[in-house]
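Enquirer: Below you'll find the structure I mean.
The values are calculated or read from the model by the stated rules, or taken from the named source; none is laboratory data. Bear in mind the structure is a predicted one, so any value in this text is a computation, not a measurement. Here the Cβ is made from the backbone with ideal geometry for all residues, glycine too, and neighbour counts use every protein chain on show.
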Amino acid sequence: MTAEGQAVGIAVVLSGDGHRCLVGERPADVPLAGCLEFPGGKCLPDESPRDAAVRECLEETGIVVTPTRQLALRTHDYDHGRVTLHFWLCRPVDTNPASPSEPFTWQSTSDLDAGRFPEANAEVIGQLVSGRPLDQLPNGDQTESTHDS
């Protein structure tokens, strides 16, 4: 793992009306078990975080998405290691997408609770809950590093 941390592409997938997003619960046998999460995962060799977010979303939810822009970039130290999270705002390619594969569901953005997600997600959750139009959300260009005690 590099000083920057394992690169992870995350798809923050919003519904056509922008009021719902794809959220799942992490399984019991992985780090951060029981936390809620957006679709995403580690980048493959020579894969960009943007492409990893799109691939992981399809693998985890069965929904094909188009990334529109990067929402945030965060480096965070968890007990299991350092990760660099690349949050990508995405939209389903199909205007009426099928139901996502379990454990993912469409959840109202206004009901998202940052306390139920891994702590590095807090700023993105705050952006989604704010209800501001997407074009007013700041671009993610800062990196912060924190360490769990």
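Enquirer: Could you check Gly81 against (1) surrounded by 14 or more Cβ atoms within 10 Å (Cβ to Cβ); (2) closer than 17 Å to Leu32 by Cα; (3) touching a residue at least 40 places away in the same chain (Cβ under 8 Å) and say which number it fails?
Expert: Gly81 satisfies all of (1) surrounded by 14 or more Cβ atoms within 10 Å (Cβ to Cβ); (2) closer than 17 Å to Leu32 by Cα; (3) touching a residue at least 40 places away in the same chain (Cβ under 8 Å) except (1).
Enquirer: Taking the options Ser149, Ser145, name whichever one is surrounded by fewer than 14 Cβ atoms within 10 Å (Cβ to Cβ), of a type in the set (Ser, Thr, Tyr), at pLDDT below 95 and in a loop (DSSP other than H, G, I, E, B). Please lay out each step first, then the result.
Expert: Working: Ser145 fails: surrounded by fewer than 14 Cβ atoms within 10 Å (Cβ to Cβ).
Matching residue, one of Ser149, Ser145: Ser149.
Enquirer: Now a separate question. Taking the stretch 111-136, which residues are of a type in the set (Gly, Ala, Ser) and part of a helix (DSSP H, G or I)? Working first, answer last.
Expert: The first filter runs over the stretch 111-136 and keeps only residues of a type in the set (Gly, Ala, Ser), leaving 114-115, 120, 122, 126, 130-131.
Ala114, Gly115, Ala120, Ala122, Gly126, listed by residue number.
Enquirer: Do we find that Asp94 is charged (D, E, K, R) and touching a residue at least 12 places away in the same chain (Cβ under 8 Å) in this structure? Break it down stepwise before answering.
Expert: Values: charged (D, E, K, R): yes; touching a residue at least 12 places away in the same chain (Cβ under 8 Å): yes.
So Asp94 fits the description; yes.
Enquirer: Let me ask something else. Consider Gly41 against the criteria (1) in contact (Cβ under 8 Å) with a residue 60 or more places away in the chain; (2) surrounded by 15 or more Cβ atoms within 10 Å (Cβ to Cβ); (3) under 25 Å from Asp113 (Cβ atoms): it satisfies all of them except one. Which criterion is unmet?
Expert: For Gly41, the failing item is (1).
Enquirer: Please go through (1) touching a residue at least 40 places away in the same chain (Cβ under 8 Å); (2) in contact with a Cys (Cβ under 6 Å, 6 or more places away or on another chain); (3) surrounded by fewer than 19 Cβ atoms within 10 Å (Cβ to Cβ) for Pro31 and return the number of the only condition it doesn't satisfy.
Expert: Here Pro31 clears every test but (2).
Enquirer: Scan the stretch 1-47 for residues that are over 18 Å from Leu73 (Cα atoms) and hydroxyl-bearing (Ser, Thr, Tyr) and jot them down.
Expert: Ser15
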